[in-house]
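Okay, structure first, notes after.
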Amino acid sequence: MKRVALTAAIFVASLQASQLHTLLHALKNKPVTQIDIAAQKIAKLSKQKVTDQFYPSFALFGTYEHYTNDTNLRPVPPPEANRRISEHQPLPFAQNIQRVGISGSMPLFVKSLFTLKKKLAYIYEAAKLKKKLNFYKNEAIIVGAYANLLALHETKNALFARKRSLLKMRQDIKIAVDSGRAAPIALDKIDTSLANLAISLQDLNIKESLAKERISALTGIEVKNIEPIEQIGSLKEGELFAIKPLAKNLKAAQKDISIAKESFFPKLLLEGKWSKNYAQKDVLYGEDVDVGYGDVTLKLVIPLSKAQFTDIDLAKAKYFKEHNRFLQTRQELEAQAKSLHTQLSSLKIAIEASQKKVASQKELVKYAKTAYKVGRLSEEEYLRYEEGLFFAQANLAQLKAQKWQTLAQLAVIYGNDLERIVK
């Protein structure tokens, strides 16, 4: 029965998310991520806005017009004017005219609109990729800061262990000093070492506070208990994911050249307008006039402007800039990825060597403590052994942190979700 309960407890514990997983998961709903989601939505709506231009657009209008001489509410052909005069009907002329109506227009063919739609599709894809890339970058910041916290935590544990050892040694020395078997300066040496530890501890506390601040700024969670980091998934390599948003922006810049050239293409537009025109007792025969009038126009526009040639050159210059920016970033990322791989391999070797060094230093401290007690080792020599162990443990903790930080940077370059890789 106890075995069943223990198995169940282990199973439940395995289902519980680690603190690092909790931090990474919390990032998904925080403002820093929501900003990129909003940017993606803006890009999508900008694309939709271009699509909307293919549909008819309408506008309601109302005007009040005053003229110095009688003006027609609508054009009147001579036959109609003669008929109205002969029948003593008012002519649609007035000095004060009110109009209420509706106007509409629709592009039948505008080549640049189709290209603009393709351009904004690339910008939308770039925004989606940028959102993912920024999320991976923020994950890497969290993992790097958490790894640093873990290193600081392990270093503090090593510091406390050394402090306990020195305090025990101080008690023994004080007894020897009080009994006259040792000079008082022996206590001063120990107190100096303890003071140095106190200074180091405060430095570690400051660094710990800064690391926690970075995590809290992104996740809104204050880290309290530090847990070891474990790798639960492998790094997937291949294409440089970090360059993909720039690749989409480069294609968008290329479309700008086409848009500038297509400004010379003829534009075929359909336009229409209808209005109710009204003049109150301000006509030739002193009566009210109320007439409706409308038109439909098929318009062919061929733009011709010197500025269009400049727009083409400007679009080419921007594309040239984006192209070289893309090439430079890809070159930097390739170099960085190669360097990080080398660093990761070196760090793994260094960690193994450092672990062996820590084990050896622990044995040396045991030997030094025994040798000091029997008088075969001076106090200064013993303190150097203690200090050597502390620095070896601190160096090992820092190497481990560098390993996780290096892995996190590679995850960003290749587009890996760190929540899948570490816990």
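Remark: pairs (first residue in the range 214-241, surrounded by fewer than 17 Cβ atoms within 10 Å (Cβ to Cβ); second residue of a type in the set (Ser, Thr, Tyr); Cβ separation under 6 Å; 6+ apart in sequence or on different chains) = Glu222/Ser216; Glu227/Ser18; Glu237/Tyr414.
Restricting attention to the range 168-195 and to residues that are part of a helix (DSSP H, G or I) and of a type in the set (S, T, N, Q), the residue that is nearest to Arg384 (Cα to Cα) turns out to be Ser193. Of the residues making up the range 224-253, those that are aromatic (Phe, Trp, Tyr) and outside any helix (DSSP H, G or I) number 0. Please determine, by comparing only the residues of the range 329-345 that are touching a residue at least 12 places away in the same chain (Cβ under 8 Å) and open to solvent by 60 Å² or more (accessible area, probe 1.4 Å), which one is nearest to Gln254 (Cα to Cα). The selected residue is Arg330. Only a single criterion out of (1) among the aromatic types (Phe, Trp, Tyr); (2) under 27 Å from the mean Cα position of the chain (by Cα); (3) open to solvent by 60 Å² or more (accessible area, probe 1.4 Å) is not satisfied by Phe309, namely (2).
Exactly one residue among Val50, Val76 is open to solvent by less than 50 Å² (accessible area, probe 1.4 Å), without any contact (Cβ under 8 Å) to a residue 24 or more places away in the chain, more than 30 Å from Val422 (Cα to Cα) and of a type in the set (A, V, I, L, M), and that residue is Val76. Evaluate the range 137-150: report whether one residue or more is in contact with a strand residue (DSSP E or B) (Cβ under 7 Å, 6 or more places away or on another chain) and in contact (Cβ under 8 Å) with a residue 24 or more places away in the chain. Yes; the residues of the range 137-150 include at least one that is in contact with a strand residue (DSSP E or B) (Cβ under 7 Å, 6 or more places away or on another chain) and in contact (Cβ under 8 Å) with a residue 24 or more places away in the chain. When the range 85-117 is limited to residues that are among the β-branched types (Val, Ile, Thr) and at pLDDT below 90, the one that is most open to solvent (accessible area, probe 1.4 Å) turns out to be Ile85. For first residues located in the range 315-328 and more than 19 Å from Thr115 (Cβ to Cβ), partners that are hydroxyl-bearing (Ser, Thr, Tyr) and open to solvent by 100 Å² or more (accessible area, probe 1.4 Å) and lie 6+ apart or on another chain with Cβ distances below 6 Å do not occur.
Just so you know, in the range 62-77 the residues that are over 60 Å from the mean Cα position of the chain (by Cα) and outside any loop (DSSP other than H, G, I, E, B) include one that is farthest from Gln95 (Cα to Cα), and it is Asn72. Across the range 53-73, the number of residues qualifying as under 30 Å from Met106 (Cβ atoms) and in contact (Cβ under 8 Å) with a residue 40 or more places away in the chain comes to 10.
Residues in the range 388-422 that are in a loop (DSSP other than H, G, I, E, B) and among the acidic types (Asp, Glu): Asp417 only. Only one of these is part of a loop (DSSP other than H, G, I, E, B), of a type outside the set (Gly, Ala, Ser) and surrounded by fewer than 17 Cβ atoms within 10 Å (Cβ to Cβ): Arg325, Arg376. Name it. One residue alone meets the criteria, Arg376. Here Ser165 fulfils each of the conditions (1) without any contact (Cβ under 8 Å) to a residue 40 or more places away in the chain; (2) part of a helix (DSSP H, G or I); (3) over 47 Å from the mean Cα position of the chain (by Cα) apart from (1).
The values are calculated or read from the model by the stated rules, or taken from the named source; none is laboratory data. Bear in mind that the values here come from a model prediction, so they are computed numbers and not experimental data. Quick reminder, even Gly has a Cβ in these numbers, built from the backbone with ideal geometry, and neighbours come from all protein chains shown. Please note that ligands, DNA and RNA were not included when accessible areas were found on the heavy atoms of the full protein model with its side chains. Shrake-Rupley method; radii C 1.70, N 1.55, O 1.52, S 1.80 Å.
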